[in-house]
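Peer 1: The structure that follows is given in the form of structure tokens.
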Amino acid sequence: MMSEENMTQLFEKLNDLKKVFSYGEKLIPVIHSLGEFMKETVPLLENINQSIAESTAKIPKATNQIQSVTSATEMATTEILDLVDVLNNDLINIEKTMLDVLVKEKDKEDFLKSLIPMLNKENAELFIDDFLSKNSSAEKLGELLLQVGKMKNDSNNIAVSLQVQDITAQQLATVNHLIESVQEKLSALIEDFDNTKILDNHEINLPDNASFDPNARYSKSSVPQQEVDSIFNQKSQKASQAEIDKLFS
């Protein structure tokens, strides 16, 4: 027969077992709810995974399109700068010719006035002054020279304003690098999630020598203007890449 001590231990064990079952009854609904939550979460995660995969696959195409737009804009800007360069050279030649004509006008005026003592006629000075006032082009040439100077200044301002293209290109290059980094992170995330490698049908083509400055800003300070003037004044030489980089730095 079981002793009283053994019976006491048995009842204690049964009581502990009862507590375990009681705790299990409370835990089962929690586990059930957790299972239901997982059932609802898994499809959501799969949809998120698929969405990320689709977006990641489109990133290279978007990046290449940005690069294509940047290249086209850069080419157009270069052509405009070339035209501005030609225009500025033409204005310089026109200005030089007009200055030569203005000097000749002054020489003609001085020559006619030097004839006054030789004429020995009354009102000769008044006659020559009247002739010069009606036939001299000096005043009109002076006005034209002012207009030519304004046109030269405007063409230089156009060149300075076009630095916005270089700044845009640098910032777009920054965006491209960020997009490329995001793509790499998303691809790694998907591979870690379900060991699926993202198929990339569009290779990202970025120039090896592409430079970018995320802090690039447009400026109208006098320093870039002076650099432009220096480049345009060297009309017999083409601006080197170092000079252009210095202009936009």
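The values are calculated or read from the model by the stated rules, or taken from the named source; none is laboratory data. Computed from a predicted model, the values in this text were never measured in an experiment. Using ideal geometry, Cβ is built from the backbone for each residue, glycine included, and neighbour counts are taken over all protein chains shown.
Peer 1: Restricting the first residue to the stretch 85-113 and requiring it to be under 11 Å from LYS152 (Cα atoms), which pairs with a second residue that is in a helix (DSSP H, G or I) and at pLDDT below 85 meet a Cβ separation below 6 Å and a spacing of at least six or different chains?
Peer 2: The qualifying pairs are ASN88/PHE232.
Peer 1: Then there is this: Quick check, is PRO60 under 30 Å from GLN163 (Cβ atoms), out of contact with any Lys or Arg (no Cβ under 8 Å at 6 or more places or on another chain) and part of a helix (DSSP H, G or I)?
Peer 2: Against the criterion (under 30 Å from GLN163 (Cβ atoms), out of contact with any Lys or Arg (no Cβ under 8 Å at 6 or more places or on another chain) and part of a helix (DSSP H, G or I)), PRO60 qualifies.
Peer 1: Still on this model: I need a count of the residues in the stretch 139-160 that are closer than 26 Å to LEU83 by Cα and without any contact (Cβ under 8 Å) to a residue 24 or more places away in the chain.
Peer 2: 6
Peer 1: Also, I was wondering about something else. From the list ASP154, ASP166, exactly one residue is charged (D, E, K, R), under 30 Å from THR63 (Cα atoms) and in the same structural domain as LYS106 (by TED's automatic domain parsing). Which is it?
Peer 2: Exactly one of ASP154, ASP166 is charged (D, E, K, R), under 30 Å from THR63 (Cα atoms) and in the same structural domain as LYS106 (by TED's automatic domain parsing), namely ASP166.
Peer 1: Out of curiosity, is THR78 among the hydroxyl-bearing types (Ser, Thr, Tyr), closer than 30 Å to LEU172 by Cα and within 60 Å of the chain's Cα centre (by Cα)?
Peer 2: yes
Peer 1: All but one of (1) under 30 Å from THR63 (Cβ atoms); (2) touching a helix residue (DSSP H, G or I) at 6+ places or on another chain (Cβ under 8 Å); (3) not polar (S, T, N, Q) hold for LEU145; which doesn't?
Peer 2: Condition (1) is where LEU145 drops out.
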